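The values are calculated or read from the model by the stated rules, or taken from the named source; none is laboratory data. These numbers were taken from a predicted model, which means no experiment stands behind them. Glycine gets a Cβ as well: all are built from the backbone with ideal geometry, and neighbour counts include every protein chain shown.
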Amino acid sequence: MDEPRVAFHTFGCKLNQYETEALASAFRSHGFRVVDEREEADVHVINTCTVTARADHKARRLIRAVAHRRPDEPVIVTGCSAQTEAEALASLAENVVVVPQSAKARLLEVPAVLVGAGQAGAGQAGESRVKALRTALAADVLAARSDPFALVAGDYSFHTRAFLKIQDGCNCLCAYCRVPLARGGSVSLDLDEVLRRASELETRGYREIVLTGVNVSAWRSVGGLGLADLLQRLVGVTERARFRITSLEPEAITADLVSALSHPRICPHFHIPVQSGSDVVLLRMKRRYRAQAVFDGVRALRAARDDPFVAADILAGFPGETPEDHARTVGLLRSLEFAAVHVFPFSARPGTAAAGMRPFVPERVRGERAREVSALAGELGAAYARRWVGRQVDVLLEAGRAARGSEAKPGGRARGPARGVSENYLKVEVRGIPPGHAVPGQIVRAEITAAGASVSAKFVRSLG
């Protein structure tokens, strides 16, 4: 197979994105060229999500389309839907090979298998690769659960930030959530290994490390240390890298954790899966906190950091949610002035407690409530960005057309803005970067000049 090509399609959370990066790194190390997901490839890897029915539907539609477009080439399907809907996904096409989430690390062996199978004649190569995969990934192989922390990215194909998976699975068993069915109970990466991987990422030049997992708040060491202890040790073993946390459960925002989060190299960006502002709904959801814990947690974070970016997840139209319950959610969002709100209309997921709960909120009402929250999210996000006009932020420059197009002419200023992400998660266009400083993966200090349809800033100085 002459310069084999692989394309990745990723649905869902940052944990899935990280695991795709690890798989892409493995394929590249065996001579594959990673191509855009819209391009033709010799093998497609589709990393699925099962959080909502819509995510499942979109994945099935994509699998069917890719498999039919490339009928002689393998289409590898993995991720959470592959764990919960393996038979249904395998039946979509003859060339679909399903690898459940529990065996996802076995995909690290796949590039070598495909390279070997690709030595067949040109007319037989595709068929040979599909057969070789089925042989290598036999039922007995996939039945054994692989190490959830074996997927490690060497170099990144899709991000300028590094991701460090420290936790997987969840013990919460919330009524609406299917993720524990796909990923199992909570497990944590060993403390020493977390520190080693973080130090290695910094040595390789990464200026931002995103700590990821299904429930990062649940990280625990064998000795009983928690996330607060881990953060203190991470900033102790590194010198320059800044750390970003993917999410924090409301009940986990303790005084010790807030103290650790106050360190200047912990990004002031906190994502909280609030889900509802109504105690009645939270109880039905089997969440482990009530609305007051959200108020207290957000206020503690704001007391520790200067106007941090605080985001929320909201589940609209949960069974039994009344207009009054919805109004409480809207009131909580307004009162706490979240910088971003990700809202999802309730989706009944098979195997969850909420799938059979009644009374069921009509789909039309769920949609109306979700749209109301989305409109409010737009207002709150714009207000947060406006508060930062005239202030300075540290922007991690991203790869892509904007970054490449911002390279300056020799001796002149940059031709256009470079795009990046500030420590407080503003998506920023930085203008006026001198030649040689618009380097993806590097950090520049910039002053926010405008916040409208986009956030604009002017270059102040390079931080390397």
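Among the residues of segment 145-157, is there at least one that is in a helix (DSSP H, G or I), hydrophobic (A, V, I, L, M, F, W, C) and over 30 Å from GLY420 (Cβ atoms)? No - not one qualifying residue is present in segment 145-157.
The set of residues in segment 435-460 being among the aliphatic types (A, V, I, L, M) and closer than 15 Å to GLU423 by Cα consists of ILE443, VAL444, ALA446, ILE448, VAL455, ALA457.
The set of residues in segment 341-388 that are of a type in the set (Asp, Glu) and in contact with a Pro (Cβ under 8 Å, 6 or more places away or on another chain) contains only GLU363. Taking residues in segment 269-285 that are on the phi > 0 side of the Ramachandran plot, and partners anywhere that are in a strand (DSSP E or B) and surrounded by fewer than 22 Cβ atoms within 10 Å (Cβ to Cβ), the pairs with Cβ atoms closer than 8 Å and at least 6 places apart or on different chains are GLN275/ASP313.
Scanning segment 139-156 for residues that are at pLDDT 85 or above and not aromatic (Phe, Trp, Tyr), we see that the one that is surrounded by the fewest Cβ atoms within 10 Å (Cβ to Cβ) is ASP147. For LEU397, the stated conditions do not hold, so it cannot be described as modelled with pLDDT of 95 or more, under 25 Å from the mean Cα position of the chain (by Cα), closer than 30 Å to ALA55 by Cβ and not small (Gly, Ala, Ser). When we screen VAL421, VAL373 for residues that are closer than 30 Å to ILE209 by Cα and either under 20 Å from the mean Cα position of the chain (by Cα) or modelled with pLDDT of 95 or more (or both), the only hit is VAL421. In segment 221-251, the residue that is nearest to CYS172 (Cα to Cα) out of those that are of a type in the set (D, E, K, R) and part of a strand (DSSP E or B) is ARG244. When ARG64 is tested against the conditions (1) under 20 Å from LYS131 (Cβ atoms); (2) surrounded by fewer than 18 Cβ atoms within 10 Å (Cβ to Cβ), the lone failure is (1).
Going through (1) over 22 Å from the mean Cα position of the chain (by Cα); (2) modelled with pLDDT under 95 one by one, VAL281 falls short only on (2). When LYS131 is tested against (1) surrounded by fewer than 16 Cβ atoms within 10 Å (Cβ to Cβ); (2) of a type in the set (Lys, Arg); (3) at pLDDT 90 or above, exactly one condition is not met: (3).
If you check ARG38, ARG5, ARG70, ARG64 for being more than 27 Å from VAL343 (Cβ to Cβ), in contact with a His (Cβ under 9 Å, 6 or more places away or on another chain) and basic (Lys, Arg), only one passes: ARG70.
For GLY351, the requirement of being on the phi > 0 side of the Ramachandran plot, assigned to a loop (DSSP other than H, G, I, E, B) and within 25 Å of the chain's Cα centre (by Cα) is met. Looking only at residues of segment 157-186 that are out of contact with any helix residue (DSSP H, G or I) (no Cβ under 7 Å at 6 or more places or on another chain) and closer than 24 Å to SER25 by Cα, we find that the one that is surrounded by the fewest Cβ atoms within 10 Å (Cβ to Cβ) is ARG161.
Total residues in segment 211-227 satisfying the condition of being under 22 Å from the mean Cα position of the chain (by Cα) and surrounded by fewer than 18 Cβ atoms within 10 Å (Cβ to Cβ): the figure is 1. The listed residues are GLU200, GLU208, GLU239, GLU193, and the only one of them that is surrounded by 18 or more Cβ atoms within 10 Å (Cβ to Cβ) and charged (D, E, K, R) turns out to be GLU208. Screening the candidates THR84, THR48 for the property of being touching a residue at least 60 places away in the same chain (Cβ under 8 Å), within 20 Å of CYS177 (Cα to Cα) and assigned by TED's automatic domain parsing to the domain that holds ALA22 yields one hit, THR84. Here segment 277-295 is the region considered, the condition is being within 22 Å of ALA383 (Cα to Cα) and out of contact with any Pro (no Cβ under 7 Å at 6 or more places or on another chain), and the residue that is surrounded by the most Cβ atoms within 10 Å (Cβ to Cβ) is GLY277.
Against the list (1) in contact with a Ser or Thr (Cβ under 9 Å, 6 or more places away or on another chain); (2) among the β-branched types (Val, Ile, Thr); (3) closer than 25 Å to GLY169 by Cα, the condition THR254 fails is (1).
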